[in-house]
Each structure stands twice: as structure tokens, then as C-alpha cells.
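Okay, structure first, notes after.
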Amino acid sequence: MTRWLVTSALPYANGPIHFGHVAGAYLPADVWARFLRMRHGRDRVLYVCGTDEHGVAITLGAEREGVGYREYVDHWHGEIKALFDRFGISFDVWSGTARCPYHVEASQRFFEVLHDGGYVFERTEEQWYSEEAGRFLPDRYLQGTCPECGHEKARGDECPSCGSWIDARKLGNPVSLVDGSRPVLKETTHWYLDLPKLKPALAAWYGSQDRADHLPWKPNVDGYVQSMLDDLRERPITRDLPWGVPVPVDGAEGKVLYVWFDAPIGYLSATMEWAAAAPDGEHRDWRDWWLQPADGEPPRLAHFIGKDNIAFHVVVFPSMLLGQGDAWQDAEGVGRPLVMPWAVPANEFYNLQGRKFSTSGGWYLDNEDFFSKYSADAARFHLVMSGPETADSEFTWEGFQGTNNTLLADKLGNFASRVLKFAAKRYGGRVPDGAGAAPFDGEAAAALADADQQFAAVGEHLEGHAFRQAGQALIAGCAALNQFFDGCAPWKLAKSEDAADQTRCAAVVERCIAYLELLSRRMAPFCPDAAARLRAMLGAEVATASAAEHWGTDGPPAGAPADAALGEAGVLFAKIDDDTIAAEIARLQDSAQA
Ligand SMILES: [Zn+2]
């Protein structure tokens, strides 16, 4: 009884997210989760996400805007979710590290177990301190002279002029960005995660990932992790900040866990929140998802992330999980190891029309405007088909138009529309009875066999996270069905006075309707709304309610029930004309110039 635990990187609650984020870490996870629910059952899949609400980027952003930290993260938590809702991202739980009622305790527990196990040590060092504000200043709160090039407005962690990484203590004439005061160096204590000590366990786990039931590491993940393992260093896991999870040891008053330490624990604490919110009569236990069972297969934990997050999901978080040993107990009170990542499908970056997305630079897509004109399904399918699976890729308006018009409207929507309109006209909107027709042979049989093969491939590619290939197979299946319909030419058969031709015409239309029902399920992970609309067009009797939730078996679909009433044919994907696309491109360029 396999379980799938699907996560998408927790977005920082300090700004808007854009299509590039969606294409990288959210849409592929959503397509996969929708597919798994259909293939293996809703109760076998848990899709977890929420906002990352701690860290310097957030305290700095809130202080600059003069709003409270809580108010600040609440705002972005809502904004970010609004875009996910537009895209139909189907999280089972959507939480946030500052709002989840289990997060502080879970994060402190992680720290304590690592501390007690000897994987955390303390170190005292000098750090800039604002006497005016009475607090230590994280690197990004500082500005001063670059020790490398002399640039006067270098940040505490990085110089924008020469690009050097800076040791903040070497910054010349530092100024606090919070209050403009001149900070002083003062001793402070921080706690470090001893990654070198965890390395043997980490390397053993990482190297064991070639098991047969495992997806291999993606090349971008493997290259990065191998070089990181060669030079694994201790990392500080605490900070002097007024906002975050308090460090649970004596002498750590005023210190919080570093955001990268507590953020991935957000996946686990959000699962606890989901379990606690179980409706009456539904069994939910977070331990079923996060503890390795005494026997049987552990849950398959898949982290969907961007490539900038590989270190934390394949090195740091797994080290933290390994360092927990068997400190966490199952329902019988027996300590069990935590579940380790099963797959980390890290995507490359997704750009916009030749440049990086930049909200401040005007190079972005206005979400409100976009979704007032175009369908979420078309956006979803285009982002899958142009997604950054193996290399950086980009959204172009011309590409979006091509996907919508040539693939979705011409291949998929057109097939549905031709078949249903023909059935309405010729058979009064009912499924004709093709019983007694000779079996299809020659090109007609070959076209159906091709459709069977392509629709089976959709599932195989989705199993292996090959989303673009899965989308290609879906469209190839539609192309095969169009070929079948064209080759059989039912409109000619319908005019024949030969009874055998009439029966064959009915058989052709019956097959097309049965395949449309199959298509509605194969397209559902990509285009859930259009899939539901297609099922409505097929009518209740053809599209029985239970079947929609099931992926079903591959191969020729069962017969559509003779004489069942079809619904009304409609347009699944409206075409987008050239003028509309030209106007969008002009608008983008104007917005960037402004
Ligand atoms: Zn510099």
C-alpha cells in the first residue's frame, strides 16, 4: 500500500510569485498529484505546501514597509494563494511556517534531537550590533564599503559592483539599514549543524538511490550534490532576529532558528495540521506519511523545487532527517526513522520572452488581466509543454498561442466538437448502436491502436516525471483519433444506402465517443476544467460520476452505452488570434519601458 507525499517548495511570503515559479515547482507537482490520485486513489496521495514566513528577507521587507511581520506575511500568504487558485493548484493542505500551530514545536524538536545527538555545536564570533536598536544585525541589514573593490554601497553579504561574497565583518564604514546608525562588533553565540559528521549517513543514503523502484536523480541534481558532498561544511542554523522559531536551549534568548532550517520542517508540520483537521469519521495520522513503517514500503516523498533549492532538499534536509535517528515514535510508541526523499524533481529556470521575469522591471504577466482573457487550462498545458524540465526555458506569447491553437483547439477540442456535432445531427444527440459492424481493420485499426499506445504513454511518462513527453503523447493520441475519424469519413457512410455502411457509421461514432470519455480522463491532470466540461458534453450516462476519478486501464475503452443521451457540444478551447498576441507583446514592452 504505497503512499505518495508530494511537496512544492514553500514560497517566501515576501513578494509576488509569477508564471516562472508556477512552471518550475508547482504545476508539475499538481499534474503529478492529480494523476496519482486518479491512478492510486485519493487517500494514497498528500500534496503539501504553504508559505515560508520567517527569515531576513521577510523582517527586512516588513520593516521597510513599516508594517508588522505578521501583517506582512499574511498579506503575501493571501496574494500567493490567489495565483495558485487561478492555476487550479490542488494542495491538500496550504499552511505557512508562522501560522501552522505545530510548526514551532516540530522545529524545536528537530533542533533538540540533533543537539542531543551531538550534531549541533556552538561557536562564539563577532557580529555587527546596533546599540541604537539594541539588536544584532544580519548581513543583509548592513551597507558599507566592499573590502574587494572599494564600492561604497556594498551589502553585508554581497557586493553589487564586483559580485564578491563578503564577510560582513570586513565591511568598511558599515551602516545599519534599519536605523542608519554605525554598528559595533560584538560577540554573539550561534549554533552550527555539523554536516561533516552526518556525511557518512548522508552519502550512504544518497548512493542507495539506484534502487529499482526509484527514479534516478536528475543530472542537474546529481552534479550539484556530488560537488557539495566533496566539500561539506558545518552551517550556522541560528540567527539574531526578532521573528522566527525560538532556539530551544539555555543561553539562546533572542535567537531564532535560521529560516533554511525551519522551512523544510514546514512540510511535516503542515502534515500535522492537515491530520488534525480530519473530518469526522476520516482517519488521518501524520505518522503514516512521515515515519518509515516497521514493514512495507515507506511513503514516496517527492520534493518539487527550482534548481536554486537543490542543496537544501538533497543535502541539508536529508541530513537533518537522518540526524533524527529513531527519536520520533509511531502509534505504538516505538521509535522509527523519518521518511527520506524518494525523488527531487528539480527544474531549471523559466523566463519570459527572452528575459528573466521581473515584477519591478515591468517584465511580467499581469495575473488578473491574463486570467480574465485566457483559460487556466491553456496556461497549464502551455507551461507543461514549455516547462524547464531539463534546461532553462521561457514563456513566449507566440508559443502560448501555438499551444492553445494548434495543439489544444485543433487537435483536442476539434476532435470532440466534430464527433459530438455529428452525433447530434445524425443521431439526435444519442450514442448510436454499432453492434454487428465488421471489426475495424487496415488504417482505421492502426489509428485506434496508435491512440491506445499514446494514451498509455501519458501515464508512463507521468510516472517518471516526464511531463512534457506526457503532454506530447496526449496530443499524439488526439491526432490519431482525428485520423481515425477522417479515414472512416462517417459523413460519407451516413449518405450510403447500404445497411452495412450505416452500421459502420454508427460503430465509428460509438468508438469516437468511447475514446472521448477516455480522453477526458487522460487530459484531466493537465486541463482539469476542460476535462470536466468534456464530460458534461458527453452526458451523465456516458461519463458516469465514479469513472472521472479513476485513471482506469489502458487499451481500447469499453463501449459507450447505446442510446445514452449526449450533452451539448461546445468549444473546449477558443482560438487566440494574431492581433491579440501582437497587442500582448507590445503591452509587455511598454510596461518594461515605463
Ligand atoms: Zn566589490
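With viscosity set to 0.890 mPa s and temperature to 25 °C, compute the Stokes-Einstein D of the range 234-342, Rh being the Kirkwood radius across alpha carbon pairs; µm²/s, no decimals.
D = 156 µm²/s.
Placing +1 on the Cβ of every Lys and Arg and -1 on the Cβ of every Asp and Glu, with no other charges, gives the chain a dipole of roughly 840 debye about its Cα centre.
For 71, 549, 53, the sequence from fewest to most other C-beta atoms within 10 Å is 71, 549, 53. Histogrammed with a bin width of 5 Å, the alpha carbon distances of the range 492-537 distribute as 5, 23, 19, 13, 11, 11, 10, 6, 2 percent, first bin at zero. Mean projected area of the convex hull spanned by the Cα atoms of the range 422-477, taken over all viewing directions: 5.4 nm². List the residues of the range 417-436 whose backbone N lies under 17 Å from a point placed 7 Å from the Cα of residue 497 along the Cα-to-Cβ direction. Backbone N within reach: none found.
Here's the picture: charge each Lys and Arg Cβ at +1 and each Asp and Glu Cβ at -1 in the chain, and of 347, 226, 550 the one pushed furthest to the positive end of that dipole is 550. Every Cα-Cα pair of the range 323-419 was included, and the share exceeding 19 Å stands at 61 percent. Do any cysteines of the chain lack a neighbour Cys whose Cβ is under 4.7 Å away, and which are they? For the chain, the answer is 49, 100, 478, 488, 505, 512, 527, because their Cβ atoms have no other cysteine Cβ under 4.7 Å. Note on the range 496-584: dipole from Cβ charges, positive end direction compared against 527, 507, 580; the farthest Cα belongs to 527. In the calculated pair-distance distribution of the range 1-95, the portion above 23 angstrom amounts to 31 percent of the Cα-Cα pairs.
A simple spin-label model places the labels of residue 276 and residue 366 4.1 nm from each other, with each point 7 Å out along Cα-to-Cβ. On full extension, the segment bounded by residue 227 and residue 205 gains 6.3 nm, given 0.36 nm per residue less the C-alpha separation.
May I ask you to derive the relative contact order of the range 298-418, considering only C-alpha pairs under 8 Å and at least 6 residues apart, and to give it as an integer percent? Spell out each step's value before the answer.
Working: 129 pairs, mean separation 29.1, N = 121.
RCO, the range 298-418: 24 percent.
Remark: the range 489-594 carries a charge dipole of roughly 200 debye about the Cα centre, counting +1 on each Lys and Arg Cβ and -1 on each Asp and Glu Cβ.
For the range 335-407 and the range 458-475, what is the centre-to-centre distance using only Cα atoms, to the nearest Å? About 16 Å separates the Cα centre of the range 335-407 from the one of the range 458-475. Please state the charge dipole magnitude for the range 176-236, taken about the Cα centre, from unit charges on C-beta atoms (+1 on K and R, -1 on D and E), reported in debye and rounded to the nearest 20. The dipole magnitude comes to about 160 debye. Shape annotation for the chain: C-alpha extents along the principal axes are 98, 63, 44 Å, from largest to smallest. The base-10 log of I(q)/I(0) for the range 337-483, evaluated at q = 0.09, 0.12, 0.15, 0.17 Å⁻¹, reads -0.44, -0.70, -0.94, -1.09 [Debye formula, identical scatterers on Cα atoms, solvent excluded]. The range 273-294 and the range 416-432 have their alpha-carbon centroids 47 Å apart. Building the convex hull from the alpha-carbon atoms of the range 470-594 and averaging its projection over directions returns 11.0 nm². Over the C-alpha trace of the range 56-100, radius of gyration and Dmax come out as 12.1, 34 angstrom.
Can you find, among 117, 104, 50, the residue sitting farthest towards the positive end of the charge dipole of the range 1-131, where Lys and Arg contribute +1 and Asp and Glu -1 at Cβ? Selected residue: 50.
Can you pull the Rg over Rh of the range 128-200, Cα-only, Kirkwood?
A ratio of 1.08.
Per residue, the average separation of C-alpha pairs within less than 8 Å and at least 6 apart gives the chain a relative contact order of 15 percent. Computed over the chain, the per-residue total of -39500 (n - 2.57) for DSSP H runs of n ≥ 4 gives a 222 nm mean residue ellipticity of -13000 deg cm²/dmol, rounded to 500.
Computed from the coordinates by the stated procedures, all read-outs in this text should not be read as laboratory data. Quick caveat, the model's predicted, so the values are computed rather than measured. Don't worry about glycine lacking a Cβ; one is built from the backbone with ideal geometry, like all the others, and counts go over all protein chains shown.
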